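The values are calculated or read from the model by the stated rules, or taken from the named source; none is laboratory data. As the structure is a prediction and not an experimental result, all values here were calculated from the model. Cβ coordinates were reconstructed from backbone atoms using ideal geometry, including for glycine residues, and neighbour counts include every protein chain displayed. Only protein heavy atoms, including side chains, enter the accessible area calculation; ligands, DNA and RNA are left aside. Shrake-Rupley method; radii C 1.70, N 1.55, O 1.52, S 1.80 Å.
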Amino acid sequence: MEHEIDLHGVPHHEAVIETEDFLLRLSVNLGFEATIITGNSNRLQKKIIEEILDVYKFSYYIPSSNLGSIKVRDERVYGKISIN
C-alpha cells in the first residue's frame, strides 16, 4: 500500500518535521511505499533528502514524470533503488 504526504503550503521547517514523522511511522511496516509531494521547490526537496532520507538511509528517487515529488520505498523488501 502506498502512502502520501502533501506538503503544499507547509513552511519548510514544518514540512521537514512532518515528513520525518510520517516516514518513521511508516518504516515500522515492512514493504512500505510513500510519495512525498513537495511541489516545485528544489530547496525543500534538498532539505528532505539531506536531513531525512540520507540520514535514515531510505531508498528514494525523483520520478522524471513528476519532478515535484519524491518516491520512497522500503529497501528491505524492494532492494536499493538505482537509476542509471
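Given the condition at pLDDT 95 or above, exposed (fewer than 13 other Cβ atoms within 10 Å of the Cβ), over 9 Å from the mean Cα position of the chain (by Cα) and not in a loop (DSSP other than H, G, I, E, B), answer yes or no: does some residue in the stretch 44-58 qualify?
yes
Does the stretch 20-29 contain any residue that is open to solvent by less than 30 Å² (accessible area, probe 1.4 Å), modelled with pLDDT under 95 and farther than 17 Å from GLU2 by Cα?
No.
For the subset of the stretch 59-84 comprising residues that are out of contact with any helix residue (DSSP H, G or I) (no Cβ under 9 Å at 6 or more places or on another chain), part of a loop (DSSP other than H, G, I, E, B) and at pLDDT below 90, which member is farthest from ASN42 (Cα to Cα)?
GLY79
Can you name the number of the only condition in (1) in contact (Cβ under 8 Å) with a residue 24 or more places away in the chain; (2) open to solvent by less than 30 Å² (accessible area, probe 1.4 Å) that PRO63 fails?
Status for PRO63: all satisfied but (1).
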